[in-house]
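Everything below concerns the one structure shown next.
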Amino acid sequence: PLADPPADPAAASRVKFPLPNPSKIGVERYTKLLHEFIKQGGHEGWKHDPQTRPTGPFFVHDDGEVESLGTHSPAAVKVYYSPEVWKWMTGDRKAPIPDGGMIVKVLYARDEKDPTTFSPDPTGFSVMVKDSQGSWDGWFYSDGGPLQKPTHEHAASFFDPNAGFALSCVNCHASTDNPEGTYASVRNVTGKPIEFLTQVSPQGLKKGLKKGSDIHQPAAHLKTQRNADNLKASPHWPIPKEKLRAPAPMPFWSEDHVPQGPKPDGHRTLLTASTCMACHDATQLHSALPNMAFTSVNEKGEKVHANLSPFGEWRYSMMGLSGRDPVFYAQLESERALHPELSAEIDNKCMSCHTAMGQRQFEADKGKGALFTHDKAFARSDHADAKYGALARDGISCATCHQMQPEGLGSPATYGGKYELPAKSKEVFGPYEKVVTLPMEQAMGITPKYGAHMSDSGMCASCHTVPVPVLDVGRKYTPEEFAKLSAGTGRDVFHEQTTYLEWKNSSYSTESGPNATARSCQDCHMPRTYDGKQLKFKIANIEDDTFPIVDHRAPDDKLRMEVREKYSRHSLNGINVFVLEMFRQQPWLLGVSRRDALFPGENVVPGFDTAINSAVQMAREQTAKLEILKAERRNGKLLATVAVTNLSGHKFPSGVQFRRAWIHFKVDSGQRTLFESGATDEWGVIGRAVNGKFTPLPSEFFEKNSWQPHYEKITSDEQVQIYEQLVKDSKGRFTTSFLSLKEVVKDNRLLPRGWKSDGPDAELTAPRGEVKTDADFNDGLGRDIVTYEVPIDVEMTTPIRVSATLYYQSLPPYYLKQRFVHADKPETQRLYYLYSSLDLENTPIKNWKLEIARATKELR
């Protein structure tokens with residue numbers, strides 16, 4: 001039964017039909033009117049089904065498990081048709097249904113005592129209202145209640161709104177034989193409806209019914225973890241305690257919804273992923289094994305599902321979260337603080353990648369040169385810039401990649417996010433030559449087609465080759481100067497990341513002719529396996545011939561989708577577990593949900609868990625390996641040789657210049673540590689023991705301009721082999737400001753296998769500093785060999801243990817310290833709060849470091 005809505009004077013009296021269109025008065029006001037109309041029984045005088053009818057077969061098995069293959073929860077419906085709809089049903093079904101026409105489906109459950117009958121009271125409603133001005137398919141969908149808004153208490157599971165245009169309902173309603181998107185059939189009212197099998201096991205009935213699941217089952221509410229009581233300040237950057245107060249949450253991602261506009265010319269905007277979710281999520285349509293989900297059995301013998309659908313994995317990747325990335329916004333705040341005179345220009349340039357759709361759409365609507373700024377990315381649904389905010393927060397979304405045009409990809413003209421997106425959303429590219437087009441055309445007015453570039457690394461080049469202008473610290477610039485420097489070359493430009501160029505100059509490149517080791521970016525970052533098993537799924541969920549029979553469905557050959565033997569996951573993994581953990585632990589603050597509404601259930605792995613587990617697996621299997629080649633004792637010293645080999649197709653680490661990896665080398669005898677290089681405290685700060693007390697190395701925060709060079713031999717616990725790029729600004733200070741990067745002091749990030757000093761773009765990816773003379777580092781094998789010659793004060797007969805561990809940080813402590821200089825600013829406060837509230841005890845990044853590889857040797 002429907003609950004009472006909040007008090008609304010407009011709904012105080014009898015609501016008369018037809019109601020004003022939702023596109024005219026707004027969704028929130030309309031749902032209150034609709035709620036009151038349904039409560040008052042305004043639909044009950046319409047033409048309707050004479051009896052409650054199931055929408056598919058129904059089984060109660062021996063164990064009491066309920067299997068309902070119907071398309072509406074929980075078992076059956078009685079449908080009411082407004083006069084406009086009934087006239088259309090009995091007349092010209094090729095003509096459009098008039099606006100205001102309404103279909104009300106009253107939902108009923110099986111009687112618990114006699115499952116062959118239905119309970120007399122409805123359990124809910126599913127309402128369709130025709131409003132041709134609201135979206136391409138022209139339907140407003142609702143459960144008959146007032147618009148629900150997420151709260152902190154149920155943010156863990158909330159996603160799909162209970163009312164609106166272009167919601168998940170379209171994954172079935174796009175398969176009709178008519179462009180009006182309804183299966184409404186006259187015979188359900190005046191003739192004999194389709195009959196479905198009902199089978200009830202007496203044994204199962206005795207055991208009691210177990211509730212089954214289907215597409216409309218609400219997601220279980222998970223408690224959102226709150227760490228307010230566990231906030232703590234790092235001793236390395238003391239900040240007043242009042243800065244630890246929780247900032248306001250970002251707009252919740254249910255507000256990030258921009259559908260295709262109305263027919264006939266609604267192709268005027270980029271679209272958010274929420275419009276793709278309906279078909280490309282792992283919807284559990286009935287109790288059969290769900291498509292695009294990996295099913296396994298846990299230690300309790302229970303089936304568990306990992307959502308491996310395109311939407312389900314993308315949503316929880318850093319690509320899907322780039323428009324909400326708290327580190328990005330804090331970085332942007334730092335850049336504006338250094339050059340406030342260029343605030344708008346800096347926002348627009350940086351947000352052209354992280355919030356690509358919002359920036360692109362804003363410029364398309366307002367004219368070339370219009371600047372997309374930070375405030376617009378946070379515009380809520382009641383703001384004039386709401387569309388741009390929704391598109392921006394959607395990050396590197398479906399349309400960003402699947403509507404990217406092939407022209408110029410992989411060339412300097414498109415670097416820095418300068419790829420071409422079409423002015424109108426009329427087609428999308430995919431990697432498959434044979435595709436089903438009807439459902440997407442009917443639901444969104446978009447035609448899917450094959451695009452060879454979707455499998456090419458050139459697609460990734462634009463945002464992973466990023467030239468930025470070099471600005472002198474303390475100097476003021478005009479917008480014209482900034483534009484000129486941004487378009488420049490040579491010393492005016494620094495490449496903030498060169499991941500694509502690193503891959504291009506490696507044995508993994510597919511652009512240098514036949515190569516047994518060649519693989520594209522997509523081959524690694526969109527894997528075709530999970531848990532070691534090859535994946536085979538249909539790429540979407542639509543209503544097809546696997547559903548119960550129904551009138552007015554399109555012909556099977558227009559709907560039948562192939563099982564893809566080469567199904568690529570949209571995991572889009574990097575190994576930035578650090579930021580993913582912030583999202584997992586503070587979803588409400590960052591405006592996200594731990595699960596999406598279309599694939600509910602306690603037996604479904606939360607999206608962030610899948611993302612983090614996959615990232616950790618990639619980190620430990622595909623990035624680097626570490627070996628202790630030799631270890632021996634000689635004259636009171638330990639001599640050991642450690643080799644680190646890059647397994648990735650680009651530098652390790654790669655991407656933004658402040659990411660780093662290092663070797664933690666340790667020699668133990670029993671419980672006693674004899675030597676240690678690369679130890680950290682709980683904050684991930686590298687240091688050493690001085691008189692029994694941990695002390696950060698001066699190089700950790702560049703005290704007196706100190707830093708760790710590249711080593712071929714290490715002889716002291718003050719020396720640590722750190723693989724990193726260090727850059728100074730115009731004043732000779734180490735910096736992590738992207739717009740201040742001027743002089744590379746060190747770049748000993750491990751080269752990819754096959755890198756050549758005379759290869760493509762070698763001048764932009766070459767090592768810098770002492771490492772240039774390290775022969776084994778530059779031999780093209782993608783490895784580094786380090787010798788440790790350290791004193792050990794134990795008898796030669798005393799057993800010792802030698803261990804070496806390779807650790808990784810995407811956010812080194814010095815990077816965070818440089819951000820927190822601006823802790824008085826809102827986005828930096830947000831990052832500081834997130835960092836300080838993290839509980840890392842049972843995570844892969846305990847003590848703020850991710851283990852990549854480890855090796856040990858015992859000497860006796």
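A cut-off of 5 Å between modelled amide H atoms, ignoring neighbours fewer than 5 places along the same chain, links residue 139 with 131, 166. Compared with the alpha-carbon gap, the fully stretched path from residue 715 to residue 637 is longer by 27.1 nm at 0.36 nm per residue. Evaluating 6.51 cos²θ - 1.76 cosθ + 1.60 at θ = phi - 60° for every residue in the stretch 119-127, the Karplus couplings come out as 5, x, 9, x, 9, x, 9, 9, 10 Hz, glycine and proline recorded as x. Only the Cβ atoms of Lys and Arg (+1) and of Asp and Glu (-1) were treated as charged; on that basis the dipole of the chain about its Cα centre amounts to roughly 600 debye. Share of carbon and sulfur in the accessible area of the stretch 273-420 stands at 55%, probe radius 1.4 Å. When the pairs 651/849; 263/349; 232/693; 105/303 are compared against a 29 Å limit on Cα-Cα distance, 263/349; 105/303 fall above it.
Residue 143 contributes an accessible area of around 50 Å² to the protein surface, as traced by a 1.4 Å probe with all chains present.
Length available on full extension from residue 418 to residue 472: 0.36 nm per residue minus the Cα-Cα distance, which gives 17.0 nm. The Kirkwood radius of the chain, taken over pairs of alpha-carbon atoms, gives through the Stokes-Einstein law at 10 °C and 1.306 mPa s a diffusion coefficient of 54 µm² s⁻¹.
Taking every alpha-carbon pair in the stretch 745-860 and binning the separations at 10 Å intervals from zero gives 10, 24, 26, 27, 11, 1 percent.
Using a probe of 1.4 angstrom and keeping all protein chains present, the accessible surface of the chain works out to 41 square angstrom per residue. For the stretch 535-677, the share of accessible area belonging to carbon and sulfur comes to 47 percent (1.4 Å probe, ligands and nucleic acids excluded). When the Cα positions of 248, 301, 31 are compared along the charge dipole of the chain, 248 comes out farthest toward the positive end, with charges on each C-beta of Lys, Arg, Asp and Glu.
For the pair residue 433 and residue 365 in one chain, pulling the backbone fully straight at 0.36 nm per residue adds 21.2 nm over the alpha carbon distance. To the nearest 20 Debye, how big is the dipole of the stretch 608-722 about its Cα centre, given +1 on the beta carbon of each Lys and Arg and -1 on that of each Asp and Glu? Magnitude of the dipole: close to 360 debye. Between amide H atoms placed 1.01 Å from N, distances below 5 Å from residue 432 occur with 451, all of them 5 or more places distant or on a separate chain. Surface composition of the stretch 25-156: carbon and sulfur make up 50 percent of the accessible area, probe 1.4 Å.
The values are calculated or read from the model by the stated rules, or taken from the named source; none is laboratory data. A quick note: this is a predicted structure, and the numbers were derived from the prediction, not measured. Neighbour counts are summed over all protein chains in view; Cβ atoms, including those assigned to glycine, are modelled from backbone coordinates with ideal geometry. Surface accessibility is based on the protein's heavy atoms, side chains included, excluding ligands, DNA and RNA. Shrake-Rupley method; radii C 1.70, N 1.55, O 1.52, S 1.80 Å.
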